[in-house]
Structure formats: structure tokens, C-alpha cells
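A short worksheet on the structure shown next.
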Amino acid sequence: MSSKGQEITNPAFLEQARSLNPAQQQAVDMTEGPLLVLAGAGTGKTRVLTTRLAAILLSRKAWPSQVLAVTFTNKAAHEMRERVASLIGGPAEGLWLGTFHSICVRILRRHAEVLGLQSSFTILDGDDQLRLIKQIIRAEEIDEKKFPPRVLASIISRWKDRALTPEKVPQPSSDFEKAAFHIYGHYQGRLRVLNAVDFGDLILLCLKLFMEHSDVLAQYTSQFHYILVDEYQDTNVAQYLWLRLLAQGSGNICCVGDDDQSIYGWRGAEVGNILRFEKDFPGAIIIRLEQNYRSNSHILGAASGLISQNAGRFGKTLWTEQEGGEKVRIHGVWDGEEEARFVGDEVESLHRKEQSLNEMAILVRAGFQTREFEERFITLGVPYRVIGGPRFYERLEIRDALAYMRIVVQPHDSLAFERIINTPKRGVGTSTLQTLHQVARYEEISLTEATMRLMDTDELRGKAKTALQGLLYDISGWRKQLETLPHGELARLILDESGYTAMWQADKSPDAPGRLENLKEFVNAIDEFESLPAFLDHVSLVMENASGASVEMVNIMTLHSAKGLEFNSVFLAGWEEGLFPHPRSLSETGDAGLEEERRLAYVGLTRARERAIITFAANRRVHNQWQTSLPSRFIEELPADHVDREIMGRMASSFIRRPSVPKLQAAEPPVRSLKDKEFKVGQRVFHIKFGYGRIIASEGDRLDIEFDHTGIKKVMKSFVESAG
């Protein structure tokens, strides 16, 4: 085989080349000029990319250093590098293959001085970026509570993804944008002083380098004879502009992607980049990969019929030589609990037929949906894993909420108290916490009790003391309401009055809405148990179960996390209006949001090889209130020839009321003996904070001491040492 270059005789390459279908072969052979490969789900795009890259190298059309191959993830880059090495008989030394960010780092290290940086510049992670923005906010006297640093950091990152430097940002409209605009220039200035960049800068600065220094751009446009880009539909504006500049040289750019799988608009991806490829690169050829090697014909027919409803797409129809197979099943149930039971039964049935648990997946639209499936599998004893995120009860916000519940039920749970003491921020610093721990260790009491004792002393002062007094007051009030409020209502009250819910409502980061949904699901879960202690016992058992290891596990994940994966059996849960399509996507971006949600449904369906089962519930509890749900509009858009609609599962004429909440007795602190130090009135003593003084009164574990320089203070015995 040859690609209009040197004859290729490598056996491994020739064997793979013979396995290509005509469209794939065309995409490999057409090396000159701009090429867009529209690769549908399961059509072998990675095979095409690696074979094309190997063909360019083996035919001597270019040396490795003259080829640029860009991916989106390190995993994809590693896989491509290994596949190419196996095809050409060894590693391609000098090949420019990596993620957008890694390639840009390589370029910036070479030319840092041109941009006013040293080549040893530091790349800040998210925490460092946030810390620096906090410093600027304080220096500029911006209200941190009104404008949370995380929100401003997110806005600045979005501007960088759109290739907007401070001087190019359009007139800000919202108050948040105005605050972000105010600090953007200061932030970039501080980065220069620190000889540092953030992740958004890696592409933005590389773009600036090319646009302002034509000699540098010319160096790379002449160097790269061939450019290959994977997942082109996921590029943002900055990445898109960067690629266009580099392609000005040879014009040999090959982009592989699927407009029907563009599902990351919420993080800056622009599906328009792939849709205008022909305009951006005149004379471009488009090759469609439509033969699917993954799914049966009914799954493909259903997926193709669904995605054809989108207007913003090139258009292609997937097909397979695997005729027949199971139709897509649509199964309606009464509520979410029955949905979990149905899926659990199906999983067990398939497992009895010797299908591996590893080959089954449950795909949900929102993270909070995983809880009911997790608990059902725990009840059944079926091992599972949550991909793309922690298990429900391992999530940060759920662990925080659990800590609040634990401290109300068990006031001497020091681990829970320490977790909530400054969450949300209350101004309790490290030194205050160290003081609490010191008293607790010496007196052999809990952190809660140590805090209560210090309220009557002068050890703690100012904002920290006031905050801790308020927290203790709140905990006491919540504990009293254990006897009067339903436990689900109490949980909601605790999260609201503590400020924890408000903390996430004020957070404008992309994951904040999901965390709020998880907290609502957390409250729903509590309502299903007879008491708050019973719920906490259940969670403890769940967490213990989660520690066990198993070779085979059912996969649970969101639809976004499923992209690029495939399974024999896929359960697509919660296809209801108000959940999928997600209302937030519709309200924020309208028709564009609806089309992206439909693409997400398409991605979910095309993960399945043998069977796809869609479920929806007639009723679902939202915000702890039952709501009647309509089947998702996407269900109606599935072609009838490719689906089987099953009779609704168990129905009930009315809701079953939960039993009344039993009265709970407030927990009383245990009686503990104190380690008594022998102190007498008149004795000379030393305190690490207040210095030397003389005891003027003693009562229990507290002393009144007249200090030489700070006057009379009330302190704990555990903080005092005899001065002789």
C-alpha cells in the first residue's frame, strides 16, 4: 500500500489497512488539503486517526516532528501513541502528539521570553488560582460574600476560553461580570509578577504569541506539514482560532468529530466550529463514517430517528451489518423507587444469563438520580461502581450534610463537629480549632463540650467566639426540634438555617446546581426512614458495604460521563419532562439547549451494543414534593418501528403516607471526670496567651486569674501551668 509516497510494506499496518471499510480507507488516503471526517458513534474513528497518522509516517510524507496530532484527554493521547507505535513498529520519536494544553505548554516554554515570561513559569491549579483571586478581591475591597471568588474565577475562565484578554472583553452586563472585569486585569498582572499562568492562559497566551509575532507563527506553520485533530466538535473558541492559525501553512488539516455528539456546550465547546468547517477551509472534503460496529440495527434506527429532529447538524445515518437484535424497550413505572426495583431485577436476570456486570450500565441525566439505584443494588447485594464521580453518600456536599445530622443526633461526635465548624465559613481559624482540641484532649471531653466550656472564658474572643456561640445555639435548637418536627423537614431546616444551602446557591461554579440537587435528594432519602438515627445507621452500613472490592460491577454514571464508552446492556433512566431534557438547559439557551440535550440522548442510546432500556416514572419526588411527570419528548421522537413500549408497572390509587415520626429524646452529655490540676487561690501561674498572673478565684475547671499585663481573665485549668 502507498499513500502517494514511499511504498508501505509494514505487516502490522497492512493488516489493519485491509480491515478498513471504503469510507475509512478514503479518510486514510486523502492526506492533502482540509478534510473533515464526520465519525458517527461506533464507526471506528480512532482506527482511522491512528491508521492515517501511521500512513503519513510510513510513506515518508513527513517526519514525526512535522506532524501535529491534538486530542482532548491525556488518556486519548496515550492510546493514540501506543496504537501508532504498534502500526509503525516502534515509537514515533519527535511526534507532536498530545492535548491542546500540553502542546501549548511545549510551545510557550520555548518562547516565554517573547511574552514577558521566564521559561520556568508555574502553571497554577484551580486552588492556587482561587487563592490569588481572593487576594485581589480583598486588595480591591470587593465584597467577597456578594461576589464569591469561585464565581469570578469561573467568569474569567469563560472569557479565556473565548479568547478574550482583559482589553477585548465586551461591556459587562451583570454585576458579577462587572466585578470579574474589574479584577481580570489585576489578576493577569499578578500572574506576570509571579511568573505564572493558569490553564486558560496556556491556549490564550499561545494564541497571542502567534498573532503578535508572525515570525514565531511562521516557524510552526512551516514545520507542521500535517495536522490531525480528534473530537473537533468539542473545541472552544480559543482552540478553534489556534488551529486555524496553524493550518495556514500546508493547509493539510484533518479534523475528526461528530456534530451529533457535541454535548459540552456548558463548558465552552462550540458546535458551530465543526458546522462551519467548509467555510473556514475552502475546498474542504467531508467524509462520513456511517457504518457502525457497535450497536444492533434497532438501537441505531432509534438513535438516528431521534437525532434527525435536530436542525443544526450535517446529517448522516448510521447503519450496521448486524441486522435484527432487540428493539429499544421503553418501560414506564409508578415512581423512582419502582424504577430502581425494575432495573435491579433486570440486572439480576441478565447476570443469571451469564452477562457480566461490567457490561451493564445505568445512565442518568443528573447525579442525584444515582442514589436510589445505589441503595437498590446494596439491598440486592449487587456490586456497583459510580463512574465520573463518587458514590452518592461519598460526595462532598452529602458528607457535610451528614455531619450536621450526626451532631444533632449525637452531640459528642467530634469528627462531625469539626467538619461543620467552619462550613460554611464562620471565621473560625486554625488557632481557634487548636485551642478547642487542646481542651478536649486534656479534659477527655468532646469538641462540642470543649467549645461550650470555653464560652465562659476569655480564651476565645471576637468573631470566632461569636460564631461558635451562634453555632452551639443552633445545634441546641435543632436538637430540641427532634421531638417536634418530621425528620425530613428538620433536615431541610438544618441545611437552611446553618447557611449551608445558601453557600451552594451563591456558588456559581458549574457543579453547584448539581450539588443543590443532591442535597434535595438527600432530604428525600431521610423521609424514607422512620427516624433520623435510623437513616444515619443505614448510611453507615452503606458506606461499610462500599468498602468491599469486587471484580465485576454494574456501572452507574451520568450521560456526560458515558461519552466514549460502550456496554452490552444500557439502562437509560429518568426520561421525563422536567428532568430530561433538563429544564436549566432549556431556560438558559432555548432551542440550542434543547438540541444539545437531544444530542445527549443520542449519545446515551449509542452506548448500547445489544440492548437499550429506557425508563420513565409517572411520579417523581422533586424538592421533597410529589409531582406528576410526563414522559420525555424524546420518547415520542423515537421511531415506532424500533421500539417496544411496555405496560406501565405497578400503579397505586393513592400515595401511602409515612408513619408519624416517633418522639426522640434529646441526647444528654455524658458525665465525665476531669483531670484536676491542683491550683490554689493566690498561686502564681503561667498562661501561653496571657502570660504570668495570680489566681484570685477557682470554680470547677475554670480559674479567675489576674494577669500582670492583661488584667483579670477567666480561663480553663488545662491552659495553665504553675509558675512556682
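The values are calculated or read from the model by the stated rules, or taken from the named source; none is laboratory data. Please read all numbers here as calculations on a predicted model, not as lab measurements. Positions of Cβ are generated from backbone atoms using ideal geometry, with glycine treated the same way; all protein chains shown enter the neighbour counts. The accessibility values were calculated without ligands, DNA or RNA, using every heavy atom of the protein model including side chains. Shrake-Rupley method; radii C 1.70, N 1.55, O 1.52, S 1.80 Å.
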Fill in the blank from the handout: 1/(1 + (r/R0)^6) with r = Cβ-Cβ of Leu275 and Arg399, R0 = 60 Å, i.e. FRET efficiency to nearest 0.05, evaluates to 0.90
Exercise for the section: Over region 411-505, average the accessible area per residue using a 1.4 Å probe and give it in Å², no decimals. Expected result: 44 Å²
Problem - Average accessible area per residue (Å²) across region 191-306 - probe 1.4 Å, nucleic acids and ligands excluded - result: 33 Å²
Exercise for the section: First compute the accessible area of region 548-591 with a 1.4 Å probe, then give the percent of it belonging to carbon and sulfur atoms. Expected result: 52 percent
Completion exercise
For region 292-392, the convex hull over Cα atoms projects on average to an area in nm² of 8.5 nm²
Problem - Percent of Cα pairs exceeding the 38 Å cut-off, where the set is the chain - result: 51 percent
Completion exercise
Rounded to the nearest whole number, the Stokes-Einstein translational diffusion coefficient of region 440-531 at 37 °C and 0.692 mPa s (Kirkwood radius, C-alpha pairs) in µm²/s is 212 µm²/s
Completion exercise
FRET efficiency (Ser222, Glu577; Cβ distance; R0 56 Å; to 0.05) is 0.55
Problem - Coil-residue chymotrypsin sites (Phe, Trp or Tyr not before Pro) of region 103-177, DSSP, other Cβ within 10 Å capped at 13 - result: none
Practice task
With a point put 7 Å past each Cα toward its Cβ, work out how far Arg645 is from Ile688 in nm, to one decimal.
Solution key: 7.2 nm
Fill in the blank from the handout: Carbon plus sulfur, as percent of the 1.4 Å-probe accessible area of region 486-541, comes to 55 percent
Practice task
Assign unit charges at the C-beta atoms only (+1 for Lys and Arg, -1 for Asp and Glu), then state the dipole size of the chain relative to its Cα centre in Debye, rounded to the nearest 20.
Solution key: 1440 debye
Fill in the blank from the handout: If the chain between Glu7 and Ser65 were fully extended at 0.36 nm per residue, the gain over the current Cα-Cα distance would be 18.8 nm
Practice task
Please sort 254-263, 54-63, 276-285, 503-512 by packing, taking for each peptide the average over its residues of neighbouring beta carbons within 10 angstrom, highest first.
Solution key: 254-263, 54-63, 503-512, 276-285
Practice task
Multiply the residue separation of Ser587 and His78 by 0.36 nm, subtract the distance between their alpha-carbon atoms, and state the gained length in nm to one decimal.
Solution key: 179.4 nm
Problem - Rounded accessible area of Val428 (nearest 10 Å², 1.4 Å probe) - result: 10 Å²
Problem - Protein accessible area in region 60-211, 1.4 Å probe - carbon and sulfur % - result: 50 percent
Exercise for the section: Putting +1 on Lys and Arg Cβ atoms and -1 on Asp and Glu Cβ atoms, find which of Gly691, Asn252, Asn21 reaches farthest to the positive end of the dipole of the chain. Expected result: Gly691
Practice task
Give the calculated FRET efficiency between Arg110 and Glu552 to the nearest 0.05, with a Förster radius of 56 Å applied to their Cβ-Cβ distance.
Solution key: 0.70
Problem - Point-to-point label distance, Glu348-Gln248, nm (Cα→Cβ direction, 7 Å offset) - result: 6.6 nm
Practice task
Would you work out the relative contact order for region 1-159, in percent, from Cα pairs under 8 angstrom that are 6 or more residues apart?
Solution key: 18 percent
Completion exercise
Among Lys145/Lys425; Lys146/Lys508; Lys134/Lys168, the pairs whose Cα-Cα distance exceeds 18 Å are Lys134/Lys168
Practice task
Give the cysteines in the chain for which no other Cys Cβ lies under 4.7 Å away, or write none if there are none.
Solution key: Cys254, Cys255
